[in-house]
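Written out below as structure tokens is the structure these notes cover.
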Amino acid sequence: MAEVIQSKLVWAVYLLHLLLLIFIHGSTSDSISSEGFCAVHSGSDCGLPSPYTKILIKGGTVVNAHHKEVADVYIENGVILSVRPNIRIPDENIKIIDATRKYVMPGGIDPHTHLDMEFMGTATIDDFFTGHAAALAGGTTMHIDFVIPINGNLTAGFEAYKHKASKAAMDYGFHVAITKWDEDVSKDMEVMVRDHGINSFKFFMAYKGALMVNDDLLLEGLKKCKSLGALPMVHAENGDAVVEGQNRMIDLGITGPEGHALSRPPVLEAEATARAIRLAAFVNTPLYVVHVMSIDAMEEIAKAKKAGQRVVGEPVVSGLVLDDSWLWHPDFTTASKYVMSPPIRELGHGQALQAALSTGTLQLVGTDHCTFNSTQKAFGLDDFRKIPNGVNGLEERMHVLWDAMVETGKINIMDYVRITSTECARIFNIYPKKGAILEGSDADIIILNPNASFEVSATSHHSRSDTKVYEGRTGKGKVEVTISRGRVVWENDVLNVMPGSGKYIKMPPFSYLFDGIDKSDAAYLSSLRAPVKRANAAS
Ligand code: URP
Ligand code: ZN
Ligand code: ZN
């Protein structure tokens, strides 16, 4: 009798979801199903929520960042309830997934994306629904996007991004960019941390005349971040010198995409990386360097880490596996796809960045997913400075990294989990709710078959973009199942996502990176041996 009631209850919840879905489709996103972003290949059931609230994954190898074991995973209402061998639950309303000879891992967390961002006179083509559809199909179950302030105003920017994210289909968090400095910004940073779950702020050292900040602002920002326990992040390129480099190329008559790479060489990335690292050392605050693209910048991070400084280096997939030869491609549409900043570097940099990742010099991998279609890229047909900067990666990150680094033996499977998920959760202080397959963790899980293959193809991808930089890439390892908050959203190459189902994840301040900062501050003060008391000093 109890089972019948429970079964009826499950179906009641299911029908309620269905009604909600019809409402959401009708009210916010008429075009979603017609664009083919959900239930791809099935042609039906677009966004239909799974009736199961209970899932048992049987017989897979469960991989966490520090341990792997053959075990079952039992999920109820979006949370992992049990991880151990031979779980038996006598309940017919459980979905059972056989994961024998497959890896059961935490869903990917991408620390660096730009969905629905206004940038360089246009807006990125993937929004919080299409970006999430792409992410989930590729095994990423959470990302952290960047709130861009409106006229420098953080609250206005935050509200705008909250609205953009109302169609979210998976969990997400926000970093907030700082683009100007005054008392209001300083106070708003406090509000962001205290009331809105923000624990990181980003400073662009490039994009002069738009997002760029000077050293004065960066210093103020670093001090404020430290006082709030928030992590400062930098886009490290010398923006003044970039403008000089761009003018040099134009004067030489170099107006095509190759001019982009030539105008902002590694030395400008290294200079800004070193400068940000030294200023962070001066303030004694942790620092996060986004999209490390060159050996030169990576070596600055390595040097600082060796000296004991807390610097996190984030390479992105494009920088790890591509090289700049594409920018010299004779076809503009092809070449312009690869324009991003800092630029994708010459052959050799990617391999060195992979090595740095395998040894822990660089800690986690993002995508900087910032997609523009070929029409948008063509804004810069006659002048590379007008090509919107950015490449895709949200859908491809997990596959491309597995193939490039695990299949080649450069890292082991636990390291893979660490650099794609766990480290991000730790740095942004949401571990082990995210980034782990442990009892009590959110049920964001992927099942990867190491014996299957993937292929990146415009005909089957979920991003809105027509400018994929990994087009045609094939490799070993395929994410066969993605579970987002306890719902199977990707299985048998069918995507089943629901706009509005994603949740905003608040991230508390004072992550492990801040542990002991107070002690080193105290040690610094006691090392000063000052002020010196002098007999002849004015009293
Ligand atoms: O080219 C890039 N990276 N576009 C996105 C904005 C940024 O710099 O992160
Ligand atoms: Zn950047
Ligand atoms: Zn970015």
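The values are calculated or read from the model by the stated rules, or taken from the named source; none is laboratory data. This structure is a prediction, so every number in the text was calculated from the model and none was measured. Quick reminder, even Gly has a Cβ in these numbers, built from the backbone with ideal geometry, and neighbours come from all protein chains shown. Areas reflect the complete protein model, heavy atoms only, side chains present, ligands, DNA and RNA absent. Shrake-Rupley method; radii C 1.70, N 1.55, O 1.52, S 1.80 Å.
Could you list all residues from the stretch 69-93 that are touching a strand residue (DSSP E or B) at 6+ places or on another chain (Cβ under 8 Å) and farther than 17 Å from Asp444 by Cα? Result: Glu69, Val70, Arg84, Pro85, Asn86, Ile87, Ile89, Asp91, Asn93. The set of residues from the stretch 192-216 being surrounded by fewer than 18 Cβ atoms within 10 Å (Cβ to Cβ), away from ligand 1 (no atom under 16 Å from the Cβ) and closer than 26 Å to Ala160 by Cβ comprises Arg194, Asp195, Gly197, Asn214.
Of all residues in the stretch 328-354, those that are of a type in the set (Val, Ile, Thr) and open to solvent by 10 Å² or more (accessible area, probe 1.4 Å) total 2. Listed by first and then second residue, the pairs linking a residue in the stretch 92-116 that is under 28 Å from Ile430 (Cα atoms) and among the acidic types (Asp, Glu) to a residue that is more than 13 Å from ligand 1 (Cβ to nearest atom) and open to solvent by 10 Å² or more (accessible area, probe 1.4 Å), with Cβ atoms under 8 Å apart and 6 or more places separating them unless they lie on different chains, are Asp116/Asp127; Asp116/Lys164.
Residue-by-condition table, conditions (1) surrounded by fewer than 22 Cβ atoms within 10 Å (Cβ to Cβ); (2) more than 24 Å from Leu401 (Cβ to Cβ):
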position: Thr459; (1), (2): yes, no
position: Thr467; (1), (2): no, no
position: Gly472; (1), (2): yes, no
position: Lys506; (1), (2): yes, yes
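Taking the stretch 121-145 as the range and being acidic (Asp, Glu) and closer than 15 Å to Gly108 by Cβ as the test, only Asp145 passes. Only helices (runs of 4 or more DSSP H) whose full extent lies in the stretch 257-343 are considered here, and none of them has at least 3 residues that are under 20 Å from Phe384 (Cα atoms) and at pLDDT below 95.
Hey, among the residues in the stretch 491-504 that are out of contact with any Asp or Glu (no Cβ under 8 Å at 6 or more places or on another chain) and buried (at least 22 other Cβ atoms within 10 Å of the Cβ), which one's nearest to Gly138 (Cα to Cα)? Checking each candidate, the answer is Leu495. Can we say Leu154 is closer than 16 Å to Phe204 by Cβ, more than 16 Å from ligand 2 (Cβ to nearest atom) and open to solvent by less than 10 Å² (accessible area, probe 1.4 Å)? In short, yes. If only residues of the stretch 211-251 that are free of Cβ contacts under 8 Å to residues at least 24 places away in the same chain and either in a loop (DSSP other than H, G, I, E, B) or closer than 19 Å to Leu513 by Cα (or both) are counted, the one that is farthest from ligand 2 (Cβ to nearest atom) is Ser227. Does Ala458 satisfy the condition of being within 21 Å of the chain's Cα centre (by Cα) and closer than 24 Å to His112 by Cα? Spelling it out, it is not the case that Ala458 is within 21 Å of the chain's Cα centre (by Cα) and closer than 24 Å to His112 by Cα.
Could you go through the stretch 476-486 and let me know if any residue there is in a loop (DSSP other than H, G, I, E, B) and open to solvent by less than 10 Å² (accessible area, probe 1.4 Å). Yes, the stretch 476-486 has at least one match. Against the conditions (1) under 21 Å from the mean Cα position of the chain (by Cα); (2) part of a helix (DSSP H, G or I), Ala522 satisfies every one except (1). The listed residues are Leu364, Leu401, Leu347, Leu357, and the only one of them that is within 16 Å of ligand 3 (Cβ to nearest atom), farther than 19 Å from Gln246 by Cβ and touching a residue at least 12 places away in the same chain (Cβ under 8 Å) turns out to be Leu364.
Counting only strands (runs of 3 or more DSSP E) wholly contained in the stretch 60-132, the ones carrying 1 or more residues that are surrounded by fewer than 18 Cβ atoms within 10 Å (Cβ to Cβ), more than 27 Å from the chain's Cα centre (by Cα) and basic (Lys, Arg) occupy 79-84, 94-98. Of the candidates Glu299, Glu258, Glu269, Glu237, the single residue that is over 22 Å from Ala335 (Cβ atoms) and not basic (Lys, Arg) is Glu299.
In the condition set (1) charged (D, E, K, R); (2) away from ligand 2 (no atom under 16 Å from the Cβ); (3) crowded, with 21+ Cβ neighbours inside 10 Å, Asp368 is compliant with all but (2). Restricting the stretch 180-211 to residues that are among the aromatic types (Phe, Trp, Tyr) and within 16 Å of ligand 3 (Cβ to nearest atom) leaves a set whose member that is nearest to Gln246 (Cα to Cα) is Tyr207.
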